[in-house]
Amino acid sequence: MTTRAYRHHILRASGCLCLLALTLLAGCARQPLQPDSSRDIPTPPAIVEQWQQYQQLLISIDHWQLQGKLGLRVPDHSGSVYVNWQQQQRDYAIHLSGPLGQGTTWIRGNDNGVELENSDGKITARTPEQLMLDNLGWWLPVSELHYWIRALPAPLANEAALQRNDDGTIAQLQQSGWTLQYSRYQPVEGWPLPGRVVAQRDDIRLTFIIKNWDFY
């Protein structure tokens, strides 16, 4: 592979990841969390109550920051980006950078629209989904993903099948044709949030390593 071809491959993969991260993260602010409607192995009442409290906590939080790394593997493309995402009510600002600091992208938006800015200029769209579809030709189920990243079943999607850990947190979630594995839970303000999420469907695989969650 020539240097130019390799550079094009890296930029293409990074572009896919930037837009994927946009849809994955920006969707987190849009829909209110609903009660857990999933089915799973019977859970003791005390754990159920703890789970409900956990959901209510997520509803109340509208200022937070997330830092981590997102890997994407699809046919003919793979790569990773570092993510620093800040949320303030309905406004979000996401900074993305490639391996070894290659390239940097800013994503800013709210309910009125979204803007992606990098060294090539700016791209705007009404929604993150439309931005991804226009630039990649495919899209992912954002309405589900923004629940799944927080280890929550999506209430408006198909019924979910869950496997829980002893403390009530989700170990595996199957919903809408996707299988998600959760591990490395970390306490944030006394509540568990996942440190590693692997989502897979057919030949698409996402790996999200979350190094830090902050509520403020």
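We did not get these values from a lab; they are worked out from the coordinates using the rules stated. Just so we're clear, the structure is a prediction, and the values are computed from it rather than from any experiment. All Cβ positions, even for glycine, are placed from backbone atoms using ideal geometry, and neighbour counts span all protein chains on display.
Please give the FRET efficiency for Lys211 paired with Asn165, using the beta carbon to beta carbon distance and R0 = 30 Å, rounded to the nearest 0.05. Could you put the intermediate results ahead of the total?
Numbers: r = 21 Å, r/R0 = 0.69.
Between Lys211 and Asn165 the formula returns 0.90.
Please rank Thr105, Thr169, fewest neighbouring Cβ atoms within 10 Å first, as an exposure proxy.
Numbers: Thr105 22, Thr169 19.
Listed from fewest to most nearby Cβ atoms, that is Thr169, Thr105.
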- Task: Name the residues whose placed amide hydrogens come within less than 5 Å of the amide hydrogen of Tyr185, ignoring near sequence neighbours (fewer than 5 apart) on the same chain.
- Result: Gly195
- Going residue by residue through region 177-183, the Karplus relation 6.51 cos²θ - 1.76 cosθ + 1.60 with θ = phi - 60° gives ³J(HN,Hα) values, rounded to whole Hz and with x marking Gly or Pro, of x, 9, 10, 10, 10, 10, 7
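What do you get for trypsin sites (Lys or Arg not before Pro) in region 170-207 restricted to DSSP loop and a cutoff of at most 13 other Cβ within 10 Å of the site's Cβ? Please report the intermediate quantities before stating the final value.
Working: sites: Arg184, Arg196, Arg201, Arg205; in loops: Arg184.
Here the sparse-neighbourhood loop sites are Arg184.
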